[in-house]
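Right, one structure below, let's go through it.
Read-outs: derived from the displayed coordinates by stated rules, not from any lab. Since the model is a prediction, treat every value here as computed from it, not as a measurement. Reconstructed Cβ throughout: ideal geometry from the backbone, glycine too, with neighbour counts over all protein chains shown.
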Amino acid sequence: MITLTIDGQQVEVEPGKTILDAAKSLGKVIPTLCYHPAVPAAGACRICVVEVVAGDRPGLVPACAYPAKEGMDIQTQSDRVMQSRRMTLQLLLARSPGAEVIQDMARDHGITENPFPERAKQTGDKSEKCIMCGLCVRLCQQIIGASAICFDGRGPDRKVSTPYNNQSDVCLGCGACAFVCPTGAIDPADYSPSPIEKIPNEFNCGLDSRTPIHIPFPQAVPNKPLIDRDNCIRFKTGGCGACETICPAGAINYDMEDEFVEEEVGAIIAATGYEIMDPSIYEEYGYGRYPDVVTSLEFERMVSASGPTNGELTRPSNGEPPKTIVFLQCIGSRREVNGKPYCSNICCMYTAKHAILYKHKVHDGQAFVFFMDVRAAGKNYDQFVRRVVKEQIATYVRGRVSKVFARGDKLIVRGADTLSGTQVEIAADMVVLAAALVPSSGIRELSQKLRVGFDEHGFLLEAHPKLRPVDTNTAGVFLAGCCHSPKDIPESVAQAGAAASKALGLVCHTRLSREPTIGIVDESSCNGCFECEGVCAYGAISAKELKDKKGNTLATVANINQGLCQGCGACAATCRSKSIEVQGYRDDQLFAAINAINR
Amino acid sequence: MRTLRKNYSEAADQWEALQTSSVPVLYVGAATCGRAAGAGEVIERLQTEIRDRQIAAQVVEVGCLGLCCLEPLVVVHKPGSPQVCYGRVDTDRIVHILDRYVLGDDPCAEWALGTMTPGEVDSIGKFSEHPMMTGQVRHVLRNCGVIDPKDMSHYLARDGYRGFMKALELGPDKTLKEVKKAGLRGRGGAGFPTWQKWQFCRTASGEPKYVICNADEGDPGAFMDRSIMEGDPYSVLEGMAIGAYVIGAESGYIYVRGEYPLAIRNLSIAIEQSRALGLLGDNILDSGFSFDLEIVRGAGAFVCGEETALIASVQGDIGSPRQRPPYPAQAGLWGKPTNINNVETWSNVPAIILRGGKQFSGIGTKQSKGTKVFSLVGKVRNTGLVEVPMGTTMREIVYDIGGGPQKKRTFKAVQSGGPSGGCIPAPLLDLPIDFDKLQEAGAMMGSGGLIVMDDHTCMVDVAKYFLAFLVDESCGKCTACREGVAQMHNILVRICQGEGRDGDIELLEQLGTYVKDTSLCQLGGTAPNPVLSTLRYFRDEYEAHIHDKTCRAGVCKSLVRFAIDPDTCKGCGLCVRDCPTDAISGEKKEPHHIDADLCVQCGVCYEDCPFDAVLVE
């Protein structure tokens, strides 16, 4: 370990650490501009200079790039240091008067006027904020490995540019340069030949972008960041690795792989939720064609305080608040042809809620709702909708919309008001589509795995619509929420509670009690053809080896899992050797019953 | 170990044959300086004459003797006569010399500078007693202008590579001790003890190690290294081989600026020839030591003379310096221990090893040993390369060797060390020149450029000139140098335009101290020196520019008005002839007059007037 003194305080650091590292471990703040922990330091901006008083060649050295040495005595705030920093800031201000970071630093250093004239007339271009610190150049070259940015020229005429001033065909469009730039002077679009492809933020419906390292959504479990391998530079090119350098906990491990986890369980609850159907198939609504036509889920994110605009509701097309908004109900729902015949169940209520949220955001705005009929069956639901109508939060128009089209920067919503029998046209700023709910993709694969049936729309089937709405036909598999049918939150919560108690009811006992009417195998006559295995809908039949006392296998016969068998009798009917019978409904029992009746 | 005895004896024979040639031998100084003055045409003419007229004579192209103001130089060696050196030999003069001296008996004494070998011809004095040669000690330049730089036998005959062979016999330890005993300090500017630098690199961990020759001589008005490389390239190679042997390096690079094509050519030839003799390559002379060299051409950046920038450039990166430590001795080229010395330092080494460190340390001052080559330029009568022992005073160089200021001007100052150096004013003329004394005076040895300035030189303008150079040459990496020097230059431009303000001097000093303190590399660290040293000795000139809006030297156009003193003007008409705007009028032999409305203050008349009748108002 190396011991040195900083501002009179002793500190120990490992060999190879810089003065800046040592100062940080003491909690001292030394201003930096061209420094980033993941990029090899260059000591170019000179703002981090500190004074070596003793222990090495005395003078000013850059803390970020100067190694700590045994016995060094460092001053971080001496007159000489502060004079140098002030001068550096004045010179940088003369070069880049528009750089807010420099302005702030200058203010913090008590600089009120600058003896140096501005080096060039400022046009307000972003690149004028560049202080030529070269952090982006070093990053792109040494960390990303792309070398898409370089310096052009030298001395005061130096510029950050691309090789030969051409748009760089080696730029990966990763935007790391813009991220590290201390003054916000970089627009990666200036360097990249193809448009910078931002990674859409899935949780915000792609309305904003995210970095390759991200936490999938707020309150995720576990609430930890993950690396998106498809977009990570490290996985794409083998370069970068900045996160590994920076992470103080050493938690980054590029060798980690996705893995299969096997668990033995007593019960399974399917709760895979829903998706909304893509409304762009209905060209008349213009979704996907006009940026201001959004789905209700997108609208939900737009008005959310944790959403892409931090809760500020703006038109995607121009960033203005929408003064007129139209909500269209039943987009795809209750539509026999080319849609979903079922009611999506929740749209009436959330649309009423959205109308209220809209009024909260845009006080002077006008909201319209096109509806077929309002289905507000639930506690206080009807009152809620009536309030929206009565308080004129939204104007409800009963009818369908035939077309949404653009006129100027407005969207014209043309529809029918069936109550007055007239055609209406509304010039809207934004149109919100209440698209139909559909089960999550992949539900069919899941249903096969669980051996649970699904209906024509893909929703999982319950065992009995009235008597066993939470169970499935497969014992131990239960349903909760929208995998079963479109549901709102209270209903989903209720079903989930029921499913949970059902599951607990199964696993809380040491023994499982069942209906006795299940299949049994006569092992003496079973010839092991396993025709029965194929017909069992519940996966209850498996192979069983019969062994003698020495452990030699005598025969392989069918075995019925008593916990899974539902007693349907399909196996008994299939069995050619008549080796399977359903308990309580054995042939001899049935014949005995018939004989008793005849007697 | 092989001794190359046969090669040496052959070389000695060839050299002897040349010295005792039965036909006249004409040595033409054909280094870049000579060629610039027309040596190429002289050689061409000479060869045509010899061929066409079937004259029995031999022409040998040699390097530079250092008397640049008298170029082209031709030395004629007639059998039985001493060598005679002629100056300012143009294509006409060479024909005269051929006719009158080579073919006749008239030694053309009016053009002769002196005899270079014992013997007398007419009344021609000795070359060594020529004013420009007296006081010089030719140690580094011993071969320049004497040998054919493309003929290795000449070098071998003059003890070439004997220092290297001695080093191989002595072993690295004793060789290093010899260098230490010599007290040789780096000639590139900083004056760091060479032996110590070698020692650092030698003991540093890491393989392989490298040696580099810094031949990126970039100071305006400095050309010592070029002359050495052009006139005696072998000595650089030999010095590097010795250094590499001590350090344990197997490969070396010579980083030459691309503006030195002749030096690159001569070095390449020397490398080829040395390889052919087995003095470079694997297992040199069966000693077990291997060493080879490569030339890297610089693309023209002053900052690449800084060692870390030079290394970056060799590696193919942008020539920008980096923060030290680590120093190149620890982590240099490709991150390996690297030793960098400049041309003159390397060139000093062979003789030190051959003749012993003691002989070398016998010359010079207590702290600075040996000789130093200076390029003496500017407003002095004799310009050229001079090699003097350390401790020689500035007066001796400027007045004795240089012949003092031109015309009847008064000496004002000498800029020492190029743009990074500083000026030494007249009162300090008796300062003995060595590394430390120059530093104390606020200048530096630098690589050895001496620019003489007289009373027609404006010191503010000089500072502005050097800063303009440094602004151009700053790599732009660190804020202090990139922005600071540019702002200093802006202030100087303003002052020279008559827009100086109160507080400018203080701001310059403040900025100068800041740039010196805060810059990343030594180029930036020394960049304010021209301003700080002129402020130190010529503050009154700055004040006159700012407060009185006058430039006494008559340089800063915005501050100058020229007038003709009717009492002194003889009406010769020289100024009328040269005035670009026809602003001067007057009858012959009558006092002339300058029309202030037409005058553009170019200063031609001021420089022209043989009677100093043009005055600065």
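Exactly which trypsin sites (Lys or Arg not before Pro) in the stretch B:347-377 are in a DSSP loop and have at most 11 other Cβ atoms within 10 Å? Walk me through the numbers before you get to the answer.
Numbers: sites: B:355, B:358, B:366, B:369, B:372; in loops: B:366.
Qualifying residues, ordered by number: B:366.
Cross-link candidates for residue A:359: which aspartates and glutamates have Cα within less than 15 Å, leaving aside residues fewer than 8 places away along the same chain?
Counting by Cα, and skipping residues close in sequence, residue A:359 has these aspartates and glutamates nearby: A:300, A:312, A:391, A:429.
Per 0.36 nm of contour for each residue apart, how much would the distance between residue B:455 and residue B:315 grow if the chain were fully extended, relative to their Cα-Cα spacing? Show your work: numbers first, answer last.
Working: separation 140, 0.36 × 140 = 50.40 nm, distance 4.59 nm.
Length gained between residue B:455 and residue B:315: 45.8 nm.
What do you get for Rg/Rh over the stretch B:126-261 if you use C-alpha atoms and the Kirkwood form of Rh? Walk me through the numbers before you get to the answer.
On the way: Rg = 16.1 Å, Rh = 16.5 Å.
Dividing the radius of gyration by the Kirkwood radius yields 0.98.
Can you tell me how much longer the chain between residue B:295 and residue B:47 gets when fully stretched, taken as 0.36 nm per residue apart minus their C-alpha distance, in nm with one decimal? Write down the numbers at each step before the final one.
Numbers: separation 248, 0.36 × 248 = 89.28 nm, distance 3.19 nm.
Roughly 86.1 nm would be gained on extension.
Got a sec? Charge dipole of the stretch B:328-414, +1 on Cβ for Lys and Arg, -1 for Asp and Glu; which of B:350, B:339, B:382 is way out at the positive end?
It is B:382, whose Cα lies furthest towards the positive end.
Loop-only check: which GluC sites (Glu not before Pro) in the stretch A:481-537 are DSSP coil with at most 16 other Cβ within 10 angstrom? List each step's numbers first, then the result.
Values: sites: A:491, A:523, A:531, A:533; in loops: A:523.
Taking the stretch A:481-537 and a limit of 16 other Cβ atoms within 10 Å, the loop GluC sites (Glu not before Pro) found are A:523.
Short version: ³J(HN,Hα) in whole Hz for each residue of the stretch A:545-555, in order, from phi by Karplus 6.51 cos²θ - 1.76 cosθ + 1.60 (θ = phi - 60°), x for Gly and Pro, what are they?
Those phi angles translate into 9, 8, 10, 8, 5, 7, x, 6, 6, 8, 7 Hz.
Can you give the log10 of the normalised intensity I(q)/I(0) at q = 0.16, 0.19, 0.20 Å⁻¹, computed with Debye over equal Cα scatterers of the stretch A:1-122?
Reported log10 I(q)/I(0), two decimals: -0.76, -0.99, -1.06.
Using a 10 Å cut-off around each Cβ of peptide A:148-154, what is the average number of partner chain Cβ atoms that fall inside? Mind dumping the intermediate values first?
Working: counts 0, 0, 1, 5, 0, 1, 13.
Mean shielding count: 3.
Counting pairs of alpha carbon atoms under 8 Å apart in space and at least six apart in sequence, what relative contact order in percent does the stretch A:448-553 give? Let's see the in-between values first.
Numbers: 87 pairs, mean separation 18.5, N = 106.
Reported relative contact order: 17 percent.
Which ³J(HN,Hα) values, rounded to whole Hz and listed in residue order, are derived for the stretch B:337-350 from phi using the Karplus coefficients 6.51, -1.76 and 1.60 in 6.51 cos²θ - 1.76 cosθ + 1.60 with θ = phi - 60°, glycine and proline given as x?
With the stated coefficients, the stretch B:337-350 comes to x, 9, 10, 10, 10, 8, 3, 5, 4, 4, 5, 6, 5, x Hz.
Which far-off residues, 5 or more places away or on another chain, put their amide H under 5 Å from the one on residue A:561, with H placed in the peptide plane?
A:541, A:542
Report the extension gain between residue A:78 and residue A:126 in nm, rounded to one decimal, defined as 0.36 nm multiplied by the number of residues separating them, less their alpha carbon distance. Working shown, then result.
Values: separation 48, 0.36 × 48 = 17.28 nm, distance 3.45 nm.
Computed gain between residue A:78 and residue A:126 is 13.8 nm.
I want to check the label-to-label distance for residue A:57 and residue A:468. Put each point 7 Å from Cα in the C-beta direction and report it in nm to one decimal.
8.6
Compute the Cα gyration tensor for the stretch B:5-129, then decide on rounded, prolate or oblate, letting a ≥ b ≥ c be the square roots of its eigenvalues: rounded whenever a/c is under 1.5, prolate when a/b is larger than b/c in the other cases, and oblate in all that remain.
Working: a/c = 1.28, a/b = 1.22, b/c = 1.04.
Rounded shape, in that the Cα axes give a/c under 1.5.
So how compact is the stretch A:126-190: Cα radius of gyration and Dmax in angstrom?
Considering the stretch A:126-190 through its Cα atoms, Rg and Dmax are 10.6, 29 Å.
Put a dot 7 Å past each Cα toward the Cβ at residue A:427 and residue B:507; how far apart are the dots in nm?
The two pseudo-label positions are separated by 5.7 nm.
For the stretch A:55-106, state the average projected area of the convex hull of the C-alpha atoms over all orientations, rounded to one decimal in nm². Before the final figure, lay out the partial values.
Values: hull surface 16.7 nm².
The orientation-averaged projected area of the Cα hull of the stretch A:55-106 comes to 4.2 nm².
Kindly identify the stretch A:199-246 as rounded, prolate or oblate by the Cα gyration tensor criterion: order the square roots of the eigenvalues as a ≥ b ≥ c, call it rounded if a/c is under 1.5, otherwise compare a/b with b/c, prolate if a/b is larger, else oblate.
On the way: a/c = 2.76, a/b = 1.48, b/c = 1.86.
Here the stretch A:199-246 falls in the oblate category.
Using R₀ = 35 Å, calculate the FRET efficiency as 1/(1 + (r/R₀)^6) where r is the Cβ-Cβ separation of residue A:489 and residue A:261; round to 0.05.
Numbers: r = 29 Å, r/R0 = 0.84.
For R0 = 35 Å, the calculated efficiency reads 0.75.
List, in the order given, every pair from B:464/B:549; B:181/B:358; A:323/A:403; B:166/B:358 whose Cα-Cα distance in the structure shown is over 18 Å.
Working: B:464/B:549 16 Å; B:181/B:358 6 Å; A:323/A:403 20 Å; B:166/B:358 16 Å.
In this structure, A:323/A:403 lie more than 18 Å apart at Cα.
Suppose R0 equals 56 Å. What FRET efficiency, 1/(1 + (r/R0)^6) with r the Cβ-Cβ distance, do residue B:128 and residue B:590 give to the nearest 0.05?
Values: r = 50 Å, r/R0 = 0.89.
The formula returns an efficiency of 0.65 here.
Using just the helices of chain A, give the 222 nm mean residue ellipticity in deg cm²/dmol: DSSP H runs with n ≥ 4 each add -39,500 (n - 2.57), and the total is spread over all residues, rounded to 500.
Working: 15 runs with 133 residues, N = 599.
Taking each H run of at least 4 residues, the total per residue is -6000 deg cm²/dmol.
Mind checking which helices in chain A clear 15 Å along their axis (Cα) and have mean Kyte-Doolittle hydropathy of 0.0 or more, DSSP H runs only? Spell out each step's value before the answer.
Working: long enough: A:79-95 (24 Å, -0.29); A:347-361 (20 Å, -0.17); A:489-507 (27 Å, 0.86); A:587-598 (16 Å, 0.29).
Helices passing the filter in chain A: A:489-507, A:587-598.
Calculate log10 I(q)/I(0) of the protein assembly as shown for q = 0.07, 0.09, 0.10 Å⁻¹, where I(q) comes from the Debye formula with a single equal point scatterer on each Cα and nothing for solvent.
Listed by q, the Debye log ratios stand at -0.87, -1.17, -1.35.
Once you place label points 7 Å from the Cα toward the Cβ at residue A:157 and residue B:88, how far apart are they in nm?
3.9
Would you list the P(r) distribution for the stretch A:453-599, with all Cα-Cα distances sorted into 10 Å bins from 0 and each bin expressed as a whole %?
Calculated over all Cα pairs of the stretch A:453-599, the distribution is 10, 29, 28, 21, 10, 2, 0 percent.
Considering amide H positions built from the backbone, and no H for Pro or chain starts, which residues 5 or more places from residue B:340, or on another chain, come under 5 Å of its amide H?
Residues meeting the criterion, in which the H sits 1.01 Å from N, are B:212.
Taking H as built 1.01 Å from N, whose amide H comes closer than 5 Å to the amide H of residue B:424, not counting residues under 5 places away?
When sequence neighbours closer than 5 places are left aside, the close amide H contacts are B:414, B:415, B:416.
What number, in percent, do you get for the relative contact order of the stretch A:199-246 if the mean sequence gap of Cα pairs under 8 Å and at least 6 apart is divided by its residue count? Can you show the working numbers first?
Details: 44 pairs, mean separation 11.4, N = 48.
For the stretch A:199-246, the relative contact order is 24 percent.
Starting from the coordinates of the alpha-carbon atoms of chain A, obtain the Kirkwood hydrodynamic radius over all distinct pairs and give the value in Å to one decimal. Show your work: numbers first, answer last.
Numbers: mean 1/r = 0.0321 Å⁻¹.
After inverting the pairwise mean of 1/r, the radius is 31.2 Å.
Report the per residue volume, in Å³, of the convex hull enclosing the C-alpha atoms of the stretch A:519-598. Walk me through the numbers on the way to the answer.
On the way: hull volume 8.3 nm³, N = 80.
Each residue corresponds to 104 Å³ of Cα convex hull volume.
Are there GluC sites (Glu not before Pro) in the stretch A:239-317 that DSSP marks as loop and that have at most 15 other Cβ atoms within 10 Å, and which are they? Could the numbers behind the result be given before it?
Values: sites: A:244, A:257, A:259, A:262, A:263, A:264, A:275, A:283, A:284, A:298, A:300, A:312; in loops: A:257, A:259, A:262, A:263, A:264, A:312.
The qualifying sites are A:257, A:259, A:262, A:263, A:264, A:312.
In the stretch B:561-616, with Lys and Arg counted as +1 and Asp and Glu as -1 at Cβ, which of these residues, B:594, B:610, B:583, has the Cα nearest the positive end of the dipole, that is, farthest along it?
Farthest towards the positive pole: B:610.
Work out the P(r) tail for the stretch B:459-548: percent of alpha carbon pairs separated by more than 21 Å, whole number. Walk me through the intermediate numbers first.
Values: 833 of 4005 pairs.
Percentage above 21 Å: 21.
Along the Cα-to-Cβ line of residue A:517, 7 Å from the Cα, sits a label point; which residues in the stretch A:578-599 have backbone N less than 12 Å from it?
Label zone hits: A:582-586.
Estimate the FRET efficiency between residue B:17 and residue B:192 by the formula 1/(1 + (r/R0)^6), using the beta-carbon distance for r and 35 Å for R0, to the nearest 0.05.
Numbers: r = 44 Å, r/R0 = 1.24.
Working from the Cβ atoms, E equals 0.20.
Once phi is turned into ³J(HN,Hα) by the Karplus curve 6.51 cos²θ - 1.76 cosθ + 1.60 with θ = phi - 60°, what whole-Hz value does each residue of the stretch A:271-285 show in order, with x for glycine and proline?
Residue by residue, the stretch A:271-285 yields 9, 8, x, 9, 10, 9, 6, 6, x, 5, 5, 9, 4, 5, 8 Hz.
Please express the shape of chain B as an equivalent ellipsoid: the semi-axes are the square roots of 5 times the eigenvalues of the C-alpha gyration tensor, given largest first in whole angstrom.
On the way: eigenvalues 357, 246, 73 Å².
Working through the eigenvalues yields semi-axes of 42, 35, 19 Å.
Could you tell me the relative contact order of the stretch A:519-598? Use alpha-carbon pairs under 8 Å, at least six residues apart, and round to a whole percent. Can you show the working numbers first?
Values: 114 pairs, mean separation 29.1, N = 80.
It rounds to 36 percent for the stretch A:519-598.
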